[in-house]
Structure formats: structure tokens, C-alpha cells
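Only one structure is covered here, and it is reproduced in the block below.
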Amino acid sequence: MGTVSRGRLDTASIAGSAIFSALAIILAAGSQAMGLNFPLVPYLQFDLGEVAIILAFFIFGPAPALVASFVEFGGLMVFGQNIPIGPVLKLIALVSTVAGLWAGTRIAARSGRTSFLRLAGWTTVLGSAVRAVAMTVPNFYLVVYIYGLAAIEGFVRAPFAAVGIGLTSSNALLVILAFTAVFNVIQLVVVMGVSSLVLRVPSVPRLRVGGRTPWFADVVQPPGVTVPRQRP
């Protein structure tokens, strides 16, 4: 499929990466200023800057999205919070998300052009799954070896108690990691929802970026067009 072979770095995609990287840093800074923390695990913060990374992925492809992810990481290392732990965890989250989105695109495109709904569904599912699994390992080390389970348990005990979840020494680690995974899924679902609103604007798939259509347009079936089925 064209969408699998495209998405590499060229002049247009590098320029696009720069634009979306700047947008990601601005939106990330805005998210930090608004204090969009996850209520149950308050040291986790929702990041609207990921919308720019998702748009970079669908418009330019995986490689430019990875470049934008590393640029956002660099920006967070200068202007972010909880340096260097926060930016490093964000980079792992972004890289794993891009990997999951790419895998979802491959699955959605394996039978030819498809609907945007199917593409968005597969990329959201695979992106969320890969991200949640990938983030469990660094969060385990963060909780156990960097901050200490007792300290983290004391920090989140009140929010969990408010929703009827009691933390004990035997279940605290599992509960914290489980809800951290839930946070990562919610984060991607939210940014995918916002990104989808932009990508579903009728004029977006017909945009010409560097003389070509957006990367995701290779697999999205235009409205009103039916793909003939092959006879067995």
C-alpha cells in the first residue's frame, strides 16, 4: 500500500514536522498551565500537545511523527515539569503510540482502501494497547525504585478512597499501575477524538502537501465511493 511505503522524511515532511512540533510544545505548555491532571493519580497529566503528534502522523506519516515526538521531548526538557523524568516518560509514550498507530494503519489497510472510521478504530485500539503496555514497565520502576511505593501510595490514597477504592500494601502497586494504564488509554482516546474532528473535515484529505495528498488519504475511501469486492 502507498501509505505504508510513504511517510518518510523529505523537505515537505521535515517542514511539517517542525510546524507540528512547535504546535505540540505550545499545546503541552497550555495543558500544564491548565493543570489537566488525572484525578485518581494526580501526578499524571493529560497533554493536548499529543494532538499535534497525531496530526503529524496522519498527514505526514510515522517518521515525521517520530521527529515531532523527539522535538517535543526536547522542548519539555527545557520548559516542562518534573525534568527529566516527565519528559522521558512522555517520549516513551509518544514513540509507543506512533508504533501502535502504524500497526493499526497496516491492519486497516491490508484489504485496500477503507473507511475513516475503520482506520480511526484500528489505530486507536492498537495505539492504546501498545502505549499502555509500553508505559507499564517505566512506571513500575518509577513507583518502586525512584519514588518508592510507600510514598506514591500515600500520595494517591485519598483520591482512590474518594471513589471507594482502598489501597493496601498488597494491592497498591497493581492498582496504581492498572489506573496508570487506564490514564494512557483515556489520553489517546481523547487526542484521537480531537484529531479525528480535524481529519474528517472534507477538505483535509484533498490537501496538497508538497505536491501530494495527506498520508492517511492513501487508505481512506472517499465518500460515496464503493470498492468492488473480488470474487473468490
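Which residues, counting only those in segment 31-53, are out of contact with any strand residue (DSSP E or B) (no Cβ under 9 Å at 6 or more places or on another chain) and part of a helix (DSSP H, G or I)?
Correct list: Ala33, Met34, Glu50, Val51, Ala52, Ile53.
What are the residues in segment 183-200 that are farther than 11 Å from Leu44 by Cα and among the hydrophobic types (A, V, I, L, M, F, W, C), if any?
Val185, Ile186, Leu188, Val189, Val190, Val191, Met192, Val194, Leu197, Val198, Leu199
Can you report the number of residues in segment 24-46 which are of a type in the set (Val, Ile, Thr) and within 17 Å of Val185 (Cβ to Cβ)?
Of segment 24-46, the ones of a type in the set (Val, Ile, Thr) are 25-26, 41.
Among the residues that remain, those that are also within 17 Å of Val185 (Cβ to Cβ) are: 41.
Residues meeting the conditions: 1.
Among the residues of segment 69-89, write down those that are more than 11 Å from Ser21 (Cβ to Cβ) and part of a helix (DSSP H, G or I).
Leu76, Met77, Val78, Phe79, Ile85, Gly86, Pro87, Val88, Leu89
Return yes or no: is Ser5 of a type in the set (S, T, N, Q), within 22 Å of Ala103 (Cβ to Cβ) and at pLDDT 90 or above?
No, not satisfied.
Take the residues in segment 111-125 that are over 15 Å from Arg200 (Cα atoms) and without any contact (Cβ under 8 Å) to a residue 60 or more places away in the chain, then tell me which one is surrounded by the fewest Cβ atoms within 10 Å (Cβ to Cβ).
It comes out as Ser111.
Sort out which residues of segment 126-136 are of a type in the set (A, V, I, L, M) and either crowded, with 17+ Cβ neighbours inside 10 Å or under 15 Å from Ile53 (Cβ atoms) (or both), and write them in order of number.
Selection gives Leu126, Ala129, Val130, Ala132, Ala134, Met135.
Which one of Val191, Val156, Val204, Val185 is modelled with pLDDT under 90, among the hydrophobic types (A, V, I, L, M, F, W, C) and surrounded by 11 or more Cβ atoms within 10 Å (Cβ to Cβ)?
Step by step, each of Val191, Val156, Val204, Val185 is checked, and only Val204 is modelled with pLDDT under 90, among the hydrophobic types (A, V, I, L, M, F, W, C) and surrounded by 11 or more Cβ atoms within 10 Å (Cβ to Cβ).
Could you say whether any residue in segment 97-109 is modelled with pLDDT of 95 or more, β-branched (Val, Ile, Thr), buried (at least 16 other Cβ atoms within 10 Å of the Cβ) and farther than 30 Å from Arg208 by Cα?
Checked against the condition, which is being modelled with pLDDT of 95 or more, β-branched (Val, Ile, Thr), buried (at least 16 other Cβ atoms within 10 Å of the Cβ) and farther than 30 Å from Arg208 by Cα, segment 97-109 yields no hits at all.
If you take just the helices (runs of 4 or more DSSP H) that sit entirely in segment 93-208, which of them hold at least 2 residues that are over 13 Å from the mean Cα position of the chain (by Cα), of a type outside the set (Gly, Ala, Ser) and under 30 Å from Phe60 (Cβ atoms)?
116-141, 172-199
Given the options Leu94, Leu66, name the one that is on the phi < 0 side of the Ramachandran plot, aliphatic (A, V, I, L, M) and at pLDDT below 95.
Leu66
The values are calculated or read from the model by the stated rules, or taken from the named source; none is laboratory data. Just so it is clear, the model here is predicted, and its values are computed rather than measured. Every residue, glycine among them, receives a Cβ derived from its backbone with ideal geometry; neighbour counts consider all protein chains shown.
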